[in-house]
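Participant: Handing you this structure, nothing more for now.
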């Protein structure tokens, strides 16, 4: 089974959401447009729509992540779904059985969607390959492979500020090697047709495949920031950098920490993004993170609407509207 | 107070669900019939009924069990109840106070039902004996005593496949000594009137009281499987076998592991059951667990409907229908 | 920013609920009156009102407390709000980022209310000072500073039994020094105009500021109990008494444990209160805790209604009634 098709149903619509790879521009744009309609809901007095009432969504986390779990739980509840949180990293029962037995059991309980977080790259794909026909899988981060819902909320934030993608020069700064977010962002930016993608990092934190993805590589932050429209900072994740030769935290900040000073080389209307949580003074200066060009909290705000969009699109065949079934 | 009556209200209806002992065939059949009506709900697009709207169900677990907690949470949510999950095994507050003080506090908050999981046999009975009149107790497993909701979902699965109970020969295989599930199954099968119940296990894993329950004992799997209609495998639970002399895991599998080969001695339309989670290659061969005669995942699927049935029957006096109170 | 005003909006209504200090008698009475109306709801068959439907309430606990979390979760669900439980004491994500970044992220997700439990005194105030305009903060206990919702449910219980406050003599007994509950109770009793407040404790467990609050200090329990109308026992919290010189548990019970014998000195219709969980035989005799003058479980019962009142008053500008916005 190939990665390109498993995410789509026979009509070419979204069934699973595992990776940006293999999803075309029309489908990504449809998600962004749907998220646009949910944005107003999250700002209303009653922040709820009955779209997924009576559906069961399971947050199945094989790696603890309160933050990510919370964003999916919130999105699911605002769609009126029932949510089960399963911390599979501490569950004795799930440890004794195989991953597929755990999956099959939850499927048998007529759950409709699994939001999977797993430390191993490819785990969400593996689960999707074995999922029952009535179940949709959402990848909430698998190892260093992909974190596609984060990439989509980033795209949504960029579109809200810049309107169109085709004229943009976007720089991704930091530990691209170990970042599942960066990998998903590069695929999304490329599919949505930005003019230029730059990867800015020390040589040791640039993955070998970066050039094949059409990314321009910079090992100097000042050089790479010149005339960019969007800067996406990555979180420095020490826990993922086993064996990578890295300068000291202080030295890293000197060279690759984003400061007001370095940022002056970018376009005047540049926006600054970061997937959070921020390491202040490590990869980004507080003045930048909290400054007028930062859209970091807007990313968080858009995260709910974008996840609502992805969940409801993947379950669109199960949604009942006004007495009938909708597509 | 005797165990036979505490579960029933003055009209002979279900109030608590603690053990199969003392419940008659009519009452067990009523639960199975009610579950039948819920089965269709769990397969609908909107898997929810408003029966327990505005009721509060507390999962009060003195022993961690993600799997069991999940099944009860799902059943409660599909009945539209509000659910509180309390992990009393790690709660500092509950450790400092007595079990009855914990109970009394939750009762004072006008909770309607407690689903109790406890490592000590008899804990659910103890709590039911001291429960306020407005509260129902469901036993979700107490030590090696009982696990009656599991037994009821097993009975439901058998009835779905075999129709009637009176002609059946049912074999329970494995660690019967330490199994709360086996104890509940034997009582349920006996009450529902099966022709023959067999217990198949090494001598050291057969409890002394087995014969008094009218169970036929076999220490040889091949002999015991001859002409049976239903095989219920038990999970080998090393953690419960303190002091029991047990052969090695390999030797156990040779003698008591269920394989296609051994199964050929049973009736051609035999069904294979297991409460999960499965230890593949310890008590059961994968070819059997995943084969056409296995109904293991159907057991899981029926678990939601059966737990919905038990919960709603125990709270039937509190259910409002179309403006009035229903029984 | 002063502590007196941050809790109120421009109309003098409740916005945050951080401490009793600075709230006037009219506002406290309004909360008690609102709670009165919710009491009947928690006793109905369907214990739910749609007041906060579509609102998101986050239990953000930087200190584990299953009991307190449960009471707020229950109150929120009975108001039909969506509830997110975040155990910030174990969340790796929140540890890496600053408290304000955690807060800002949850605000960006359009959460409406944060219920904060924190080991540091002043944490809830700090968060309220930096909260976005659309967010209300409820203090669920901050260090040894305040626990105002507990104090309000105590006031509610007193009013239910005694009617008026102005004739009452109320004794608070135990570790007043380290008790956030005692501090909040003293402010509430004083604001509601009781005749006399007594603090009864060993010298080492009386805080220096007690006398400035108009409290009469007793170091002898028998003396202090004479003719009191209400006795509020405190929980002896060894974990909070770093460095305080305390007699042995046995010696403490001899001197300051509440017994039937000592209680005979109080008014005949005295009521006994305790915030729970009780240390039986340490600060209170079981005969007293479970006796006819104990209203301890009624406190728990009223806790839900009082927390529903505080939550709904703090969000009253966001409540939609019959198609419009209500105040």
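Participant: On a 0 to 90° scale, report how tilted helix C:66-78 is relative to the longest principal axis of chain C, with both axes built from alpha carbons and the result rounded to the nearest 10.
Facilitator: On a 0 to 90 degree scale, this one is about 50.
Participant: Can you give the relative contact order of segment A:1-48 as a percent, counting alpha carbon pairs under 8 Å and 6+ residues apart?
Facilitator: After rounding, I find 23 percent.
Participant: May I pose another question? With 10 angstrom as the radius, rank B:316, A:226 by how many other C-beta atoms surround their C-beta, starting from the fewest.
Facilitator: A:226, B:316
Participant: Compute the long axis of helix B:180-191 from its Cα atoms, compare it with the longest principal axis of the Cα atoms of chain B, and write down the angle in degrees, 0 to 90, nearest 10.
Facilitator: That works out to roughly 90 degrees.
Participant: Mean-square fluctuation check for chain C, GNM, Cα pairs under 10 Å: which of C:52, C:14, C:297 is largest?
Facilitator: Largest GNM mean-square fluctuation: C:297.
Participant: Given the convex hull over the Cα atoms of segment C:159-208, what projected area results after averaging over all orientations, in nm²?
Facilitator: 3.5
Participant: What shape does segment B:1-121 have by the C-alpha gyration tensor, where a ≥ b ≥ c are the square roots of the eigenvalues, rounded means a/c under 1.5, and otherwise prolate means a/b greater than b/c and oblate the rest?
Facilitator: Oblate.
Participant: OK, next. With an 8 Å Cα cut-off and a minimum separation of 6 or more residues, compute the relative contact order for segment C:148-299 in percent.
Facilitator: That works out to 24 percent.
Participant: Could you work out the relative contact order of chain C? I mean the mean sequence separation of Cα pairs under 8 Å and 6+ apart, divided by the number of residues, in percent.
Facilitator: 19
Participant: Additional query: Considering only C-alpha atoms, what is the centroid distance from segment A:1-70 to segment B:247-302, in Å?
Facilitator: 38
Participant: I've got another one for you. Anyone know which of A:181, A:306, A:194 comes out most mobile in the 10 Å Cα GNM of chain A?
Facilitator: Top of the fluctuation ranking is A:194.
Participant: Using only C-alpha atoms and all pairs of different ones, pull out the Kirkwood radius for segment A:148-299 in Å with one decimal.
Facilitator: Kirkwood radius, segment A:148-299: 15.1 Å.
Participant: Now a separate question. Under the classification rounded if a/c is under 1.5, otherwise prolate if a/b is larger than b/c and oblate if not, where does segment C:41-187 fall, given a ≥ b ≥ c as square roots of the Cα gyration tensor eigenvalues?
Facilitator: Oblate, because a/c is 1.5 or more while a/b does not exceed b/c.
Participant: What does the convex hull of the Cα atoms of chain C come to per residue, in Å³, rounded to a whole number?
Facilitator: With only Cα atoms used, chain C gives 137 Å³ per residue.
Participant: Give me a single rounded figure for A:99-110: the average over its residues of other chain Cβ atoms within 10 Å of their Cβ.
Facilitator: 6
Participant: Counting partner chain Cβ atoms within 10 Å of every residue's Cβ in C:264-277, what's the average?
Facilitator: What the average comes to for C:264-277 is 1.
Participant: If you find the alpha carbon centre of segment B:184-231 and of segment C:159-191, how far apart are they in angstrom?
Facilitator: Each part reduced to its Cα centre gives a spacing of 63 Å.
Participant: With only alpha-carbon pairs counted, each pair once and no self-pairs, how large is the Kirkwood hydrodynamic radius of segment A:42-84 in angstroms?
Facilitator: The Cα-based Kirkwood calculation yields 10.9 Å.
Participant: Please report A:39, B:204, C:68 as a ranked list, fewest other C-beta atoms within 10 angstrom at the top and most at the bottom.
Facilitator: Ordered from fewest to most neighbouring Cβ atoms within 10 Å, A:39, B:204, C:68 come out as B:204, A:39, C:68.
Participant: Among DSSP beta bridges lying fully in the protein assembly as shown, give the percent that are antiparallel, nearest 5.
Facilitator: 10
Participant: Taking 2.2 N^0.38 Å as the expected size of a compact globular protein, what ratio does the Cα radius of gyration of the protein assembly as shown give against it, to two decimals?
Facilitator: 1.02
Participant: Can you tell me the orientation of helix A:148-162 relative to chain A, as the angle in degrees between its alpha-carbon axis and the longest Cα principal axis, to the nearest 10?
Facilitator: That works out to roughly 60 degrees.
Participant: In chain B, what residue has the beta-carbon at the shortest distance from the axis of the rotation relating B to C, and what is that distance in angstrom, rounded to the whole number?
Facilitator: B:85, 5
Participant: So the label point sits 7 Å from Cα along the Cα-to-Cβ vector; using that for residue B:317, what distances do you get to the other copies, in nanometres, sorted shortest first?
Facilitator: Between copies, matching label points for residue B:317 lie 4.8, 4.8 nm apart.
Participant: Mind checking which of A:105, A:279, A:85 has the largest fluctuation in a GNM of chain A, springs on alpha carbons under 10 Å?
Facilitator: Its mean-square fluctuation being the largest, the pick is A:105.
None of the figures in this text is laboratory data; all of them are computed from the coordinates on show. Since the structure is predicted, the reported quantities are computational estimates derived from the model, not experimental observations. When we count neighbours, we look across all protein chains shown, and the Cβ atoms used for this are built from the backbone with ideal geometry, even at glycine.
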